[in-house]
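First comes the structure, then the notes that go with it.
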Amino acid sequence: MTIYSRREFGTAALSALALPMLTVSPLRAIELAVRGVKLGITTASLNPLPQVTAKDPLDILIEGLVQLAVGNVELSGGFFGPPVRGAAVGGQVPKEPNPEYTKTREELRQWRLSQASFDRFRDVRKKFDDAKINLYSMSNTMADDVTDAELDAMFRQMQALKVSVFQTNQTRVSMGPRLVPFVDKYKIRPAFHTHAEVEDPNEIASVESMQKLLNMSREFRICLDIGHFTAGNNDAVAYLREHHDRITHIHVKDRKRNKGPNVEWGTGDTPIKECLTMIRDNKWPIYAFIEREFMGTRGPVEETRRDLDYMKEALTA
């Protein structure tokens, strides 16, 4: 398959086989849709990014997106503010307190409350607009120790980023009631990201935990991670069929059941093809984003390219 740069795309004639549908709009030059299904990636799929002295990692990321001709993205939170160390997965509060977490978590909180944070979000948005890439959503963990002032700042930052949906990453069920007034105020919807820890009612993993959240607000949505959902022995096809009107996008990966590992696509238990073709056949406005967690041996760009090809082939078969 030939991959075109944005400059080349403007004049190149792409065959239906190479890229079944590559739509163009005044705002987005490389928005990829195959048989009506909008495909994209979570930006963490390209980790680890190359380290280039004096170059913004975001610029390196955008170069990789253009190389892959990916025009729909969900941006990870790692491009904003000082890093938090000593945290649990996704920046959540660790089970055991530690000085490193306390110190760096407060540094992030103060950065979020500063004017500099809003300047960064506006700058990031401009970079994506200039590249004509659709910045659909961002990944944003609302940690258990977040303050109300910090929550308000986080929503105003997403407002500056001009996203109407954010994926909640490691946010827990108990955060739901606190989010309701901010969602109503800023009209930015959370898409609660599913995991595999079905035994923990505070984790967004079981069907019951997801329904509890959806009952809290008509504006709440689900980001159905079909890999994690399958690993928790849930039925992704059934959930997609029954709740498609409350699902903004799916995260695509392949995992084994019984909390099995991430594996190369097509070798696990996740019904990737079934979910993609159901979205296609029903013309549901649900994005499908690669969230690459199987590392492989080919490097981030090539592994992600293989996953994109897998989705395209599934949709055109």
Within the stretch 61-96, can you find the residues that are under 14 Å from Tyr136 (Cα atoms) and part of a loop (DSSP other than H, G, I, E, B)?
Val70, Gly71, Ser76
Filtered residues of the stretch 218-231 (kept if more than 16 Å from the chain's Cα centre (by Cα) and open to solvent by 10 Å² or more (accessible area, probe 1.4 Å)):
Arg218, Glu219
Can you name the number of the only condition in (1) under 17 Å from the mean Cα position of the chain (by Cα); (2) farther than 22 Å from Leu58 by Cβ that Pro201 fails?
(1)
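From the list Ala149, Ala153, which residue is open to solvent by less than 40 Å² (accessible area, probe 1.4 Å), of a type outside the set (Asp, Glu), in contact with a Leu (Cβ under 8 Å, 6 or more places away or on another chain) and part of a helix (DSSP H, G or I)?
On the way: Ala149 fails: open to solvent by less than 40 Å² (accessible area, probe 1.4 Å).
After applying the criteria, what remains is Ala153.
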Check Leu58, Leu108 and return the single one that is in a helix (DSSP H, G or I) and in contact (Cβ under 8 Å) with a residue 40 or more places away in the chain.
Leu58
Scan the stretch 48-80 residue by residue and report those that are open to solvent by 10 Å² or more (accessible area, probe 1.4 Å), closer than 19 Å to Asp309 by Cα and under 14 Å from the mean Cα position of the chain (by Cα).
none
Which listed residue, of Ala116, Ala69, Ala54, Ala33, is closer than 23 Å to Cys223 by Cβ and hydrophobic (A, V, I, L, M, F, W, C):
Ala33
Condition first: open to solvent by 60 Å² or more (accessible area, probe 1.4 Å), farther than 21 Å from Asn233 by Cα and in contact (Cβ under 8 Å) with a residue 24 or more places away in the chain. Now tell me which residues in the stretch 264-284 satisfy that.
Asn282, Lys283
Candidate set from the stretch 157-186 (those that are within 19 Å of the chain's Cα centre (by Cα) and open to solvent by 30 Å² or more (accessible area, probe 1.4 Å)); member that is nearest to Gln211 (Cα to Cα)
Arg172
In the stretch 188-206, residue most open to solvent (accessible area, probe 1.4 Å) [restricted to those that are in contact with a Lys or Arg (Cβ under 6 Å, 6 or more places away or on another chain) and closer than 23 Å to Met154 by Cα]
Arg189
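The values are calculated or read from the model by the stated rules, or taken from the named source; none is laboratory data. Treat the numbers as computed from the prediction; the structure is a model and nothing was measured. We place every Cβ from the backbone using ideal geometry, glycine too, and count neighbours over all the protein chains shown. Ligands, DNA and RNA are excluded from the accessible area calculation, which covers all protein heavy atoms including side chains. Shrake-Rupley method; radii C 1.70, N 1.55, O 1.52, S 1.80 Å.
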